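For reference, the structure discussed in these notes is given below.
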Amino acid sequence: MTELHCDVLIVGGGLAGTWAAVAAAREGVKVILVDKGYCGTSGVTATAGPGHWWVPPAAREAAIEKRLGTAYGLADARWMARAIDTTWTSLPGLSDYYAFPQNHQGETQYRGLRGPEYLRGLRQRVLDSGVTLLDHHPALELLRDDNGNVVGARGWRRQAGGDWLIRTGAVVLATGGCAFLSRLLGNHTNTGDGYLMAAEAGAELSGMEFSNYYCIAAAGSSMTRSMVYSFGEYFDAADRPLGISTGPGFTEALARALLNGPVYCRLNRVPQAIRAQLPSIQPNLMLPFDRRGIDPYRHRFAVTLHPEGTIRGVGGLRLIDDDCQTTVPGVFAAGDAASREPIAGATSGGGAQNSAWALSTGQWAGRGAALLARRKAAYHGALRGFEGVAGGNAELIRRIQAQVHPLDKNLFRSGDQLDRSLRELDNVWDQLRGAPITTNPLRARETAAMAATARWCYTAAALRKESRGMHQRSDTPAQNPRYDAHLRLQGVDQIQARFDPVIHER
Ligand SMILES: Cc1cc2nc3c(=O)[nH]c(=O)nc-3n(C[C@H](O)[C@H](O)[C@H](O)COP(=O)(O)OP(=O)(O)OC[C@H]3O[C@@H](n4cnc5c(N)ncnc54)[C@H](O)[C@@H]3O)c2cc1C
């Protein structure tokens, strides 16, 4: 067992975790960042090309009004303004680590970044900040002192073997969201581990019913970079046009068509200017086509929808203050690990807000954790875990996926189906409880995390008996003012739920 200590432990080294580490280190405290993969390449930003919510001061009021309009009453203008401002003031500070391009007028462009270079730059910035970076060191559980306070974490050394234990003053969970191993680009390490660890320690989750975002990709490929598909033409197997057009109802229309049979796409309408830019803005987009000898601008190819769960969904750990602390003292959350309701409400913050959220909450949490840790005395006594579930096998993972991936169960919801899925997921959970610990402790905990996350998502979806934002139910098709509230969940074995009235701080 390797034993280390620090003031702030950051779990997860994606977009949120790296920004959190830099912000914590700026406060002069000792910071360790552990990642399940390799910080700089793991997580969903590293493979994507994130556009940030990048809004000049004069346009902010209108931008916030617009997003409040699609948040269905669950977002908060003050949090939106904070995220926009933090994004605006932070990105230019990265110019030593990322070559921001200029437009024809010579103005530096900060909004859209190439994921691989962005994360590589952030990794270097983390290292230059004096943070200890431990790659391939997944966290498995949080640890507590005799009074139940979270004062550490335990994990596994994937490459060197054996366990690690880190004593800490505060923890930032930046473990990303959970797409239930859906072959979404870059999501293989995002299995909801942070939700499980925090929930075992007593943390509340929020907005878990808004967890069913789906993204288009070529069938058989994980390349979920979707911009070009807005120029696509869609056909059925007999080459009949399906009349699927881009816009708010695109995913639902495509999903309905996919439930009837294969759907094909041709990208012949992508403008020449965009085709010319693609190699520099989305360098990996064409790879799956090239490998198969398909020219997507001329040939039709089959498409599919990949479920994203809470990644470009909304739900996650509930934040209770401006420092992004969860309901467990000393445990902070950032990025997709945290519920994004404060800025996105009931709809995905995709295409801008999500990155701004990760960047901002990362920094708020990192700083908040550092300030808290500075006020705390180090704990030297014995540490204990939370007796979490750790078991599982490939068959149980398939059973979880069979409930949360299908379009006709998760995108198109109904009360009866949600109840059926919950019964099956409860059975999976019971089996996990009794399952022997496998030789791979990480996969065992990942399985438990995915099962727990699926149960939270569907428990919340079953309790919100209305349709709102991305949560659409055929048995309750209208939005109901009775549910103008956040749905908070707590508990791992027994899930408790409560509706919390929305307080607008504007
Ligand atoms: C294809 C795609 C395109 C996107 N495009 C945009 C866009 O244009 N604009 C936008 O705003 N948003 C976009 N998003 C969303 C955005 O990328 C995410 O919101 C953002 O990456 C979240 O950052 P994060 O750090 O919370 O999670 P991630 O970047 O996923 O990082 C999570 C990290 O935690 C690590 N981890 C997980 N579990 C553990 C554990 N147990 N122990 C240690 N480490 C762990 C992972 O290895 C990973 O490094 C896109 C998402 C996808 C999938």
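The values are calculated or read from the model by the stated rules, or taken from the named source; none is laboratory data. Remember, it's a predicted structure, so these values are computed and weren't measured experimentally. Because the Cβ atoms are built from the backbone with ideal geometry, glycine has one as well, and the counts that use them run over all protein chains shown. Calculation scope for accessible area: heavy atoms of the full protein, side chains included, ligands and nucleic acids excluded. Shrake-Rupley method; radii C 1.70, N 1.55, O 1.52, S 1.80 Å.
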query = Is segment 332-342 home to any residue that is touching a residue at least 60 places away in the same chain (Cβ under 8 Å) and surrounded by fewer than 24 Cβ atoms within 10 Å (Cβ to Cβ)?
reply = no
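Looking only at segment 159-181, filter to residues that are of a type outside the set (Val, Ile, Thr) and within 10 Å of the ligand (Cβ to nearest atom); which one of those is farthest from Gly12 (Cα to Cα)?
First pass over segment 159-181, keeping only residues of a type outside the set (Val, Ile, Thr): 159-165, 167, 169-170, 173-174, 176-181.
Cutting the leftovers down to within 10 Å of the ligand (Cβ to nearest atom) gives us 173-174, 176-179.
Numbers: Leu173: 7, Ala174: 5, Gly176: 7, Gly177: 11, Cys178: 13, Ala179: 16 Å.
Going through the qualifying residues, I end up with Ala179.
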request  = Look through segment 388-410, keep the residues that are open to solvent by 10 Å² or more (accessible area, probe 1.4 Å) and touching a strand residue (DSSP E or B) at 6+ places or on another chain (Cβ under 8 Å), and return whichever of them is farthest from Ala451 (Cα to Cα).
outcome  = Leu407
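Check every one of the helices (runs of 4 or more DSSP H) wholly within segment 1-118 and list those with 3 or more residues that are within 30 Å of Trp156 (Cα to Cα). Step through it out loud before you land on a result.
Details: elements: 15-26, 60-69, 77-90.
Hits in segment 1-118: 15-26.
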Residue, surrounded by the fewest Cβ atoms within 10 Å (Cβ to Cβ), within segment 280-307, restricted to residues that are at pLDDT below 95 and within 13 Å of the ligand (Cβ to nearest atom) = Ile281
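Within segment 436-449, can one find any residue that is open to solvent by less than 30 Å² (accessible area, probe 1.4 Å) and within 17 Å of Gly313 (Cβ to Cβ)? It would help to see each step written out before you state the result.
Going through segment 436-449, the residues open to solvent by less than 30 Å² (accessible area, probe 1.4 Å) turn out to be 442, 444-449.
With within 17 Å of Gly313 (Cβ to Cβ) added as a condition, the list becomes 449.
Yes, segment 436-449 contains at least one residue that is open to solvent by less than 30 Å² (accessible area, probe 1.4 Å) and within 17 Å of Gly313 (Cβ to Cβ).
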query = Of the residues Ser222, Ser245, which is part of a loop (DSSP other than H, G, I, E, B), small (Gly, Ala, Ser) and crowded, with 16+ Cβ neighbours inside 10 Å?
reply = Ser222
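Check Arg144, Arg154, Arg158, Arg183 and return the single one that is under 18 Å from the mean Cα position of the chain (by Cα) and of a type in the set (D, E, K, R).
Selected residue: Arg183, the only one of Arg144, Arg154, Arg158, Arg183 that is under 18 Å from the mean Cα position of the chain (by Cα) and of a type in the set (D, E, K, R).
Where residues in segment 206-219 are more than 15 Å from the ligand (Cβ to nearest atom) and closer than 16 Å to Arg340 by Cβ, which of them is surrounded by the most Cβ atoms within 10 Å (Cβ to Cβ)?
Met208
Could you list all residues from segment 489-502 that are under 24 Å from Asp426 (Cα atoms) and either open to solvent by 30 Å² or more (accessible area, probe 1.4 Å) or assigned to a loop (DSSP other than H, G, I, E, B) (or both)? Before the answer, list the steps.
Pass one, segment 489-502, residues under 24 Å from Asp426 (Cα atoms): 489-499.
Within segment 489-502, Gln490, Gly491, Val492, Asp493, Gln494, Ile495, Gln496, Ala497, Arg498, Phe499 meet the criteria.
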ask   = Residue check, Ile166 against (1) part of a strand (DSSP E or B); (2) modelled with pLDDT under 95, all met but one. Which one?
value = (2)
query = Quick one: is Glu141 open to solvent by 60 Å² or more (accessible area, probe 1.4 Å) and in the same structural domain as Thr189 (by the TED database)?
reply = no
